[in-house]
1. Determine the dipole magnitude for the chain: charges of +1 sit on the beta-carbon of Lys and Arg, -1 on that of Asp and Glu, nothing else is charged, the reference point is the Cα centre, and the result goes in debye to the nearest 20.
2. Per DSSP helix of 4 or more residues, -39500 (n - 2.57); summed, then divided by the residues of the chain. What does that give at 222 nm, rounded to the nearest 500?
3. With θ set to phi - 60°, apply the Karplus curve 6.51 cos²θ - 1.76 cosθ + 1.60 along region 109-121 and write out the HN-Hα couplings as whole Hz, x wherever there is a Gly or Pro.
4. So what are the ³J(HN,Hα) numbers for region 67-83, from phi and the Karplus equation (6.51, -1.76, 1.60; θ = phi - 60°), rounded to whole Hz, Gly and Pro as x?
5. Ignoring any ligand, DNA or RNA, what whole percent of the accessible area of region 32-174 comes from carbon and sulfur when the probe is 1.4 angstrom?
6. Over the chain, with a Gaussian network built from C-alpha contacts below 10 Å, which listed residue (95, 107, 295) shows the highest mean-square fluctuation?
7. Can you give me the accessible area per residue for region 277-342, using a 1.4 Å probe, in Å²?
8. Assuming a viscosity of 1.306 mPa s and a temperature of 10 °C, what translational diffusion coefficient in µm² per second does Stokes-Einstein assign to region 133-222, Rh being the Kirkwood radius over Cα pairs?
Amino acid sequence: MKMVALSKVTLVFAAALLGWAYQATRPPPPAILGAPGGLPITSPRVRLKDGRHLAYTENGVHKENARYKVIFVHGFASTKESGFPVSQELVEELGVYMLFFDRAGYGDSDANPKRCLKSDATDVEELADALQLGDKFYVVGCSMGGYVAWSCLHYIPHRLAGASLVVPAVNYWWPLPDGVRRSAYGKLDSRDRRTFWIAHHAPPLLCAWLTQTWLPTSPIVRGERGAFTDKDWEILTELWRKQRESGQQAKATRQGTYESLCRDLTILFGTWELDPTEMRNPFPDGEGVVSIWQGYEDRIVQVEIQRHVARRLPWVRYHERPEAGHALPDMDGVGDEIVRELLLGAGEAPQSEPPRAPQ
């Protein structure tokens, strides 16, 4: 009798587990923007070739009068309203037109059920064409937006006049030396390692993992205090306070976490069809700049991987700030340095030999 009862309990448990797994792997439908009774659209948008729309905002000098046109790609759990810390003085001095947009599934931009590395690059290209930016433009990708900058360098290099990757997110499953991977991955909190592992090996379960409440998930994804340095926390808590007051934080994931956060993580930590360490120089004659800006103290993006990439790509200008963390671009004057070098090629030359990481 005991064996029969135990078998029934086991069957019930197995059925419940299978039911949960089935539901967990079914993505929730995205909220429909602009539908009657649905989420309102509050930004200007352009229509893409596949019928989707991207929302954008323009800043800086008027496009018709600009000497430089720069597209900024926002990071994780963010929107176009996050902007970029560049001074009005520099914008006016150089004549910079700045274009910010919501990536697919964020803010007022339609979700893309086929979103991938290549589609993120072609979104940038189609946005530039729709707004008539000309044959070439500059790209700045911050944090999670850094992977979009890599994608642009690979898929649309002929459209770029230059690119800056600012504390760009990294993939621990890139083709890396074992020592580099172990050192960088080992620095992560075990909860981050577990979440990133799911994103890579079991992406259909990621959304359910992030939204469940009975096991601890990633401190990085949740924006917990321990994921940041003291200086980062001081800078970011002030930025987040302003975003809460303006409603920006809620706007980032208004279409649901699946179409925004989960797609970010599964693309970043998925199997890439390109290898950043084998990237060809898009400016062999020195007509443009590609740079990586990294904080040594960054707990979100590990410095070992950035150093390895910079060693493999000697044409990349690699800047590592010993006192900085993930909030590097928001430190005093750094945003201006990034933009000035991107547009004028000023600043220190590329490091021929960044500090060597474990092999």
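1. On the way: 41 positive and 44 negative charges, 361 e Å.
Roughly 1740 debye, rounded to the nearest 20.
2. Working: 13 runs with 135 residues, N = 359.
So the calculated ellipticity at 222 nm is -11000 deg cm²/dmol.
3. Along region 109-121, the couplings run 9, 4, 5, 10, x, 10, 4, 7, 3, 5, 5, 5, 5 Hz.
4. So the J values, rounded to whole Hz, are 8, 9, 10, 10, 9, 9, 10, 6, x, 6, 6, 9, 8, 4, 5, 5, x.
5. On the way: 2600 of 5250 Å².
Roughly 49 percent of what the probe reaches on region 32-174 is carbon or sulfur.
6. 95
7. Working: 2510 Å² over 66 residues.
With the other protein chains kept in place, region 277-342 gives 38 Å² per residue.
8. Details: Rh = 15.2 Å.
The Stokes-Einstein estimate is 104 µm²/s.
The values are calculated or read from the model by the stated rules, or taken from the named source; none is laboratory data. Everything numeric in this text was worked out from a predicted model, so none of it was measured. Reconstructed Cβ throughout: ideal geometry from the backbone, glycine too, with neighbour counts over all protein chains shown. The accessibility values were calculated without ligands, DNA or RNA, using every heavy atom of the protein model including side chains. Shrake-Rupley method; radii C 1.70, N 1.55, O 1.52, S 1.80 Å.
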